[in-house]
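**Q** Got a structure for you, questions after.
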Amino acid sequence: MKQLLILLASLCAGHAAPQDFSEKVFTFPVESGTASVKVIANAEQPLTALTMCMRFFSSLTREQSLFSLAVPSEPNAFLLTMPSAGMYRLHINGPALDISGLSYFTQEWNSVCWTWDSSDGLTTLWVNGNRSTRHILGAKVSLSGVPSIILGQEQDTYGGGFDKTQSFVGDITDMHLWNSSISLCEIRFFMDGSTFTPGNLINWRNLQYSTDGLVYVEQSDFDKLSCF
């Protein structure tokens, strides 16, 4: 019984009660192989469609990870990275697609949304109000198992395998995740800083998370009135 209580206590300590982060950011101040945020999603069923939206602020021009979702069978299940400034790389269940021609502002806030639906494989990336060409990636794919979702690092193994040369340095805020390809209007509302329907898998206004390494929680300075 004593061992069971210790185990329950450790689990509770690792995953605190959900918090409203609507005016907060996660700050990753230095390049690191450990600094990360693990976000808990309400998603244990197989995933066949996803939309991820977030805002980030960074001055990096090297490779960096923006959003990493792994499942037990595949570390690059739903992964968004920037191999270089202005180049975005999408992974779905392993295979990758590079997208260029969309903006990346250093030392300014960037707003990103990424939609995917396995029924036809159509995937689209939106950055700062502009969208990519629609591409096909991950057609008929199903992501099974409890997802491991990490901010600040790229997962080379399920829940780990971090490389500091791929780490994110800067601020992340307003990250939401849906188990559908949300409407163009909802994406526009997010991009413009207007009212939108929050993510049903991850809701920044009701966020359950744990941190590791040098990560700070700071007040957001994102100005919704002067983005676009």
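What follows draws every value from the coordinates through simple rules; no lab data is involved. Computed from a predicted structure; not experimentally measured. Positions of Cβ are backbone-derived with ideal geometry, glycine not excepted, and every protein chain shown enters the neighbour counts.
**Q** Anyone know which of Asn200, Asn93, Asn110 comes out most mobile in the 10 Å Cα GNM of the chain?
**A** Asn200
**Q** Fewest first, what order do Tyr158, Tyr216 take by the number of other Cβ atoms within 10 Å?
**A** Tyr216, Tyr158
**Q** Roughly how many debye, to the nearest 20, is the charge dipole of the chain about its Cα centre, given +1 on each Lys and Arg Cβ, -1 on each Asp and Glu Cβ, and no other charges? Can you show the working numbers first?
**A** On the way: 13 positive and 21 negative charges, 58 e Å.
With only Lys, Arg, Asp and Glu charged at Cβ, the dipole is about 280 debye.
**Q** Over the chain, calculate the relative contact order: mean separation of alpha carbon pairs under 8 Å at least 6 apart, over the residue count, as a percent. Walk me through the numbers before you get to the answer.
**A** Details: 576 pairs, mean separation 78.5, N = 228.
Here the relative contact order equals 34 percent.
**Q** Report D for segment 158-228 in µm² per second (integer): Stokes-Einstein, Kirkwood Rh on Cα pairs, 25 °C, 0.890 mPa s.
**A** After rounding, the answer is 166 µm²/s.
**Q** May I pose another question? Can you sort Thr123, Thr195 so the residue with the fewest Cβ neighbours within 10 Å comes first?
**A** Lowest count first: Thr195, Thr123.
**Q** Tell me, what ³J(HN,Hα) does each residue in segment 135-145 have, in order and in whole Hz, if you take phi through Karplus 6.51 cos²θ - 1.76 cosθ + 1.60 with θ = phi - 60° and put x for Gly and Pro?
**A** Whole-Hz 3J(HN,Hα) from phi for segment 135-145: 10, 10, 7, x, 5, 6, 8, 10, 9, 10, x.
**Q** Give me P(r) over segment 102-228, computed from all C-alpha to C-alpha distances, binned every 5 Å, as integer percentages.
**A** The calculated distribution, bin by bin, is 2, 8, 16, 20, 22, 19, 10, 3, 0.
**Q** Toward the positive end of the charge dipole of the chain, about the Cα centre and with charges on Cβ (Lys, Arg +1; Asp, Glu -1), which of Val71, Thr133, Trp109 goes farthest?
**A** Going by the Cα projections, it comes out as Val71.
**Q** Could you line up Lys140, Lys164 from fewest to most neighbouring Cβ atoms inside 10 Å?
**A** Values: Lys140 9, Lys164 13.
In increasing order of surrounding Cβ atoms, one gets Lys140, Lys164.
**Q** Another question, if that's okay. Top mean-square fluctuation among His135, His91, His176, Gaussian network model of the chain, C-alpha springs under 10 Å?
**A** His135
**Q** Among Phe168, Ser119, Ala96, which residue has its Cα positioned farthest towards the positive end of the charge dipole of the chain, with +1 placed on the Cβ of Lys and Arg, -1 on the Cβ of Asp and Glu, and the dipole taken about the Cα centre?
**A** The residue sitting farthest along the positive end of the dipole is Ser119.
**Q** Once you've got the GNM for the chain with C-alpha springs shorter than 10 Å, pick whichever of Ala43, Ala77, Ala35 has the biggest mean-square fluctuation.
**A** Ala43
**Q** Here is a follow-up. Considering the values (1) 162; (2) 120; (3) 133, which represents volume of the Cα convex hull per residue in Å³ as calculated for the structure under consideration?
**A** Evaluating volume of the Cα convex hull per residue in Å³ on these atoms matches (2).
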